[in-house]
Amino acid sequence: MASIVVIDYGSQYTRLITRRLRELNVYSVIVAHTVSAKDLSDLGAAGVILSGGPRSVTAADSPGLPPGLLELGVPILAICYGMQLIAREAGGRVLARNEAGEAGGAGIASGAGRAGEYGKAALVDYGGTLFDGVEGEFVAWMSHGDSVVEAPSGFEVTATTESGLIAAMEHTGRGVYCLQFHPEVRHTPKGAVLLERFVETTGLPRDWTAENIVQEATANVRAAVGSQRVLLAISGGVDSSTLGLLLNRAIHDQLVAVFVDHGLLRLGEADEVERALRALGVDLHVVDAKERFLRALAGVSDPETKRKIIGGEFIKVFEEQARALGAGAEGIRFLAQGTLYPDVIESAGTAGAAVIKSHHNVGGLPADLGFELIEPFRNLFKDEVREVAEALGLPPHLRERHPFPGPGLAIRIIGEVTKERLELLARVDDVFVTALREFGLYLETWQALAVLTQVRSVGVMGDERSYGYLVALRAVTSVDGMTADWARLPHEFLATVSSRIVNAVPEVNRVVYDITSKPPGTIEWE
Ligand code: XMP
């Protein structure tokens, strides 16, 4: 499939470039800088973007351009480190960060006494292909130590910063466009226009839409499995539910979907997911494993042990079902998984990502089942899966849910997990999440949860002294869960939730709100 290929030089923003392109309905993939020109052709590269990176192009062992890249004849957008590479390759002059003081003093044409720039910079005199249609002030996000101080011959400087540094240059004849700053970040507010202009130079159709993703995935799945059956484990989350819908559309009668209800989901959620999927035609085999998980967790307080037990038990239950349903080399040969693109990039790492290899994360399923993997979402980001879910009819309430950990409520109960504690926490959590939705705050938070602590404290309810549980509420804002900040929920909202919780769940007499960011805290408490 024709795409724009992003070559990764280690920038923290590489993934963002791909996302922005996909927001423009263009398919885009990331590869390592060790990619060959042939790989790029095989990937259907209609355009290539060179990412930024932490290295200096002036260092002896810094990564270079893939040999033959400039001869491929496809438009190239070079960002930050990428621009410096192009400048070096095409005969321009790059000033290294550590040369800046001296060389600047020696009259380098940059007009600046230093090479690097960090943070926001206003551009002056911008123009050229990429800036076509841009008007008014242009604020660019800079993060570079080295600078291009002389454009290579044939290149036209299309923007400079107030401090006189080259911010953009292009060679329209060769279709090479260079930006010293990052158009992909929100701190460059008009950056998306530049990416859009670049996409236009590639002539790629803007047809990466949910409908097309579904059609293509459907065709691929059909081609891959023929008339064979496919097994799918549904956990209740968005990814596996959506995958169930996709496979149901693609191979209806051949799909064997198993929903393991471990009893650790939110209040009513297992039923809700089951009803929604059935209503959309998915024939679910539901396994009620609630008692079994409780037995396995009895007497266990250590968080990591809880996780291991839950993961192991899930596999056991699933494996039993799979065998009963005829899995194995002679029976069901294919196993579908909701692996997403970020998992694929992460597991490939930058070094080996040139052509991204299949990674066999079967969630620890025993190898002797001999499955072949079907991963229709391995090219998708989470928000794209949500769009696919919408196209396939998953109700908004279910597709827009916050992330939820595999071990579920068990890692939000400090200490031993018992039936009573699970029920109690599910009720508290339900009050919190329902209120977030009611106040229009649900989609403004990345994740929200309640924790049942082991602390009990004295209170007064009615005229009676109480000795109840302390629950903690946590809500965070985040982009990817790697870092997070505590959500500044309005006091009025917190007051309402607190009073609703103690009224609805009398065993609780104290509610606290967690104001720890990540780091140092994690999102979950266990
Ligand atoms: P932490 O607590 O590490 O969580 O800040 C980051 C994100 O990952 C989720 N999480 C898990 N997801 N299995 C999962 O599927 C797990 O064991 C697990 N632990 C944490 C967490 O909910 C948050 O979204």
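Identify the single condition in (1) more than 24 Å from the chain's Cα centre (by Cα); (2) over 20 Å from LEU340 (Cβ atoms) that VAL230 does not satisfy, given that it satisfies every other one.
Among (1) more than 24 Å from the chain's Cα centre (by Cα); (2) over 20 Å from LEU340 (Cβ atoms), the lone unmet condition for VAL230 is (2).
Read through the list (1) within 19 Å of LEU380 (Cβ to Cβ); (2) not in a helix (DSSP H, G or I), then give the number of the only condition that SER56 fails.
(1)
Could you identify the single residue in VAL388, VAL362, VAL417 that is modelled with pLDDT under 95 and of a type in the set (A, V, I, L, M)?
VAL362
Within the range 17-68, can you find the residues that are closer than 18 Å to LEU204 by Cβ and more than 26 Å from the chain's Cα centre (by Cα)?
Once the filter is applied, which keeps residues that are closer than 18 Å to LEU204 by Cβ and more than 26 Å from the chain's Cα centre (by Cα), the range 17-68 yields only SER41.
Listed residues LEU297, LEU243, LEU265; which is over 28 Å from the mean Cα position of the chain (by Cα), within 16 Å of the ligand (Cβ to nearest atom) and either surrounded by 19 or more Cβ atoms within 10 Å (Cβ to Cβ) or under 15 Å from GLN337 (Cβ atoms) (or both)?
Criteria check complete, one pass: LEU297.
Out of all the residues in the range 506-526, is one or more more than 16 Å from the ligand (Cβ to nearest atom), assigned to a helix (DSSP H, G or I) and of a type in the set (S, T, N, Q)?
No, the conditions are met nowhere in the range 506-526.
Which pairs have Cβ atoms under 9 Å, sit 6 or more apart or on different chains, and link a residue in the range 304-319 that is closer than 16 Å to LYS290 by Cβ and among the charged types (D, E, K, R) to one that is at pLDDT 90 or above and within 10 Å of the ligand (Cβ to nearest atom)?
Hits for this filter: LYS306/PRO407; LYS306/ALA410; LYS306/ILE411; LYS306/GLU526.
Return a yes/no flag: does the range 422-435 have any residue that is within 30 Å of VAL221 (Cβ to Cβ) and either within 15 Å of the ligand (Cβ to nearest atom) or at pLDDT below 95 (or both).
no
Does any residue of the range 164-177 turn out to be within 32 Å of the chain's Cα centre (by Cα) and among the polar types (S, T, N, Q)?
No.
Which count do you get for residues in the range 156-204 that are in a loop (DSSP other than H, G, I, E, B) and free of Cβ contacts under 8 Å to residues at least 40 places away in the same chain?
Within the range 156-204, residues that are in a loop (DSSP other than H, G, I, E, B) and free of Cβ contacts under 8 Å to residues at least 40 places away in the same chain number 2.
Would you confirm, using the coordinates I've provided, whether PRO396 is within 16 Å of the ligand (Cβ to nearest atom), closer than 27 Å to PRO490 by Cα and under 20 Å from the mean Cα position of the chain (by Cα)?
no
Take the range 249-262 and flag every residue that is buried (at least 21 other Cβ atoms within 10 Å of the Cβ) and over 30 Å from VAL417 (Cα atoms).
Passing the criteria: ALA250, ILE251, LEU255, VAL256.
When both residues are 6+ apart or on different chains and their Cβ atoms are under 9 Å apart, which pairs have a first residue that lies in the range 434-450 and is more than 19 Å from SER517 (Cα to Cα), and a second that is in a strand (DSSP E or B) and within 16 Å of the ligand (Cβ to nearest atom)?
Close Cβ pairs satisfying both conditions: LEU436/ALA448; LEU436/ALA475.
Take the range 123-161 and flag every residue that is β-branched (Val, Ile, Thr) and under 17 Å from THR201 (Cβ atoms).
THR129, VAL134, THR158
Looking at the range 480-505, which of its residues are part of a loop (DSSP other than H, G, I, E, B) and either crowded, with 17+ Cβ neighbours inside 10 Å or away from the ligand (no atom under 12 Å from the Cβ) (or both)?
ALA487, ARG488, LEU489, PRO490, VAL505
VAL48 versus (1) over 24 Å from GLY145 (Cα atoms); (2) aliphatic (A, V, I, L, M); (3) not in a helix (DSSP H, G or I): which is the lone unmet condition?
(1)
GLY370 is checked against (1) at pLDDT below 95; (2) on the phi > 0 side of the Ramachandran plot; (3) in contact with a helix residue (DSSP H, G or I) (Cβ under 9 Å, 6 or more places away or on another chain) and fails just one. What number does that condition carry?
Condition not satisfied by GLY370: (3).
So LEU409 clears everything in (1) within 15 Å of the ligand (Cβ to nearest atom); (2) assigned to a strand (DSSP E or B) except one condition, right? Which one?
Every listed condition holds for LEU409 apart from (2).
The values are calculated or read from the model by the stated rules, or taken from the named source; none is laboratory data. This structure is a prediction, so every number in the text was calculated from the model and none was measured. A quick note on method: Cβ atoms are made from the backbone with ideal geometry, for glycine too, and the neighbour counts reach across all protein chains shown.
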